[in-house]
Amino acid sequence: MTKRYGDAAKGVDALGGVDLRIAAGDLVGIVGPSGSGKSTMLQMLGALDHPTSGRVLFDGTDLAAMGDAALTAVRRDEIGFVFQQFNLIPTLGAIDNVEVALVPAGAPAAERRERAAAALESVGLGHRSYHLPSELSGGEQQRVAIARALVGGPRVLLADEPTGNLDSATGEDVMELLSRLNGEDGHTVILVTHDESIASRMDRVVALRDGAVVHDVRPRRASAPFGP
Ligand SMILES: Nc1ncnc2c1ncn2[C@@H]1O[C@H](COP(=O)(O)OP(=O)(O)O)[C@@H](O)[C@H]1O
Ligand SMILES: [Mg+2]
């Protein structure tokens, strides 16, 4: 796929012909310098935006060819997003921040509450349910954001520099949580990171430079190139 922002004459080629297949259940790191197209790639994978050319297939279906209703359902039910800035609603407590993710699906209020409570529990924050974001540490806020991404039961979690605003010890906790969600719960996790030590613990690392894949390796298998 390619992605160009702006028009043909003055646009920016953010991705210039990326061909990737990501296996269900994988833990994938996307690395590369600032401006190399990492966030753009995550947005394409998460159907937040469509490529300029080429396709993104989700379970074999071209995301750009889906109708609006089907696309909304994929975004809502299959994919969870986590951002560097947490993006929590400052006036809502932790449990309400998680619950808002369930409103579009139209679940009854009692069920929403129950599922939000379970999601907070699963990230170890059951005891912080009624704290506002401002009353939580950065790591706790990111865990609330992860609970929000998880509460709808997605198979895929996409995280754009999820530890970028955290000190290294707190970032480590968040990474352990994401690894556990991958290893124990079987979520496919794709995360953008600048942190080499995080990247080295991924199943697979895809390195971008100027919108192209320059490395694609499985670090824990002695740097063997990723094959089909
Ligand atoms: N919405 C946008 N409009 C125009 N250019 C953009 C937009 N988003 C990203 N870009 C450009 O696309 C390139 C890749 O950006 P991005 O995917 O954000 O890189 P990264 O996440 O690796 O820092 C950069 O040159 C950036 O300036
Ligand atoms: Mg980025």
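The values are calculated or read from the model by the stated rules, or taken from the named source; none is laboratory data. These numbers come from a predicted model, not from an experiment. When we count neighbours, we look across all protein chains shown, and the Cβ atoms used for this are built from the backbone with ideal geometry, even at glycine. Heads up: the accessible areas ignore ligands, DNA and RNA and are worked out on the full protein's heavy atoms, side chains in. Shrake-Rupley method; radii C 1.70, N 1.55, O 1.52, S 1.80 Å.
Suppose R0 equals 30 Å; then what is the FRET efficiency for Asp19 and Glu184 from their Cβ-Cβ distance, rounded to the nearest 0.05? Before the final figure, lay out the partial values.
Values: r = 31 Å, r/R0 = 1.03.
Calculated value: 0.45.
Have a look at the DSSP beta bridges in the chain and tell me what percent are antiparallel, nearest 5. If you can, show how the numbers build up before the last one.
On the way: 14 of 32 bridges.
That works out to approximately 45 percent antiparallel.
For the range 2-219, a simple Cβ point-charge model (Lys and Arg +1, Asp and Glu -1, everything else neutral) yields a dipole of about 360 debye relative to the Cα centre. Between Asn87 and Tyr5, the simple spin-label model (points 7 angstrom out along Cα→Cβ) gives 1.5 nm. Taking the C-alpha atoms only, the angle from helix 168-183 to the longest principal axis of the chain is near 80 degrees. Between Glu176 and His131, residue separation times 0.36 nm minus the direct Cα-Cα distance comes to 13.9 nm. Computed from Cα atoms, the angle from the helix 109-122 axis to the main principal axis of the chain rounds to 70 degrees.
Rolling a 1.4 Å probe across all protein chains gives Asp59 an accessible area of roughly 120 Å². So which residue, out of Gly37, Gly54, Gly106, gets the largest mean-square fluctuation from a GNM of the chain using Cα contacts under 10 Å as springs? Of the options given, Gly106 has the highest mean-square fluctuation.
Ligands, DNA and RNA aside, Arg115 has an accessible area near 80 Å² when probed at 1.4 Å.
Would you kindly calculate the translational diffusion coefficient of the range 2-219, applying Stokes-Einstein with the Kirkwood radius from alpha carbon pairs, for 25 °C and a viscosity of 0.890 mPa s, and quote it in µm² s⁻¹ without decimals? Once the numbers are plugged in, D ends up at 137 µm²/s. Maximal additional length on extending the Ala73-Arg55 stretch stands at 4.6 nm, based on 0.36 nm per residue less the C-alpha distance. In vacuo Debye scattering of the range 119-196, one point per C-alpha: log10 I(q)/I(0) at q = 0.14, 0.15 Å⁻¹? Relative scattering, expressed as log10 I(q)/I(0), comes to -0.42, -0.48.
Separation of the range 1-19 and the range 22-82 by C-alpha centroid, Å? The distance from the Cα centre of the range 1-19 to that of the range 22-82 comes to 16 Å. Couplings 3J(HN,Hα) for the range 2-10, derived from phi with the Karplus relation 6.51 cos²θ - 1.76 cosθ + 1.60 (θ = phi - 60°), are 10, 9, 10, 9, x, 8, 4, 6, 10 Hz, where x marks Gly and Pro.
Full extension of the segment from Ser200 to His215, taken as 0.36 nm per residue of separation minus the current Cα-Cα distance, would add 4.1 nm. Checking every one of the GluC sites (Glu not before Pro) in the range 153-191 against DSSP loop status and a limit of 10 other Cβ atoms within 10 Å picks out Glu184.
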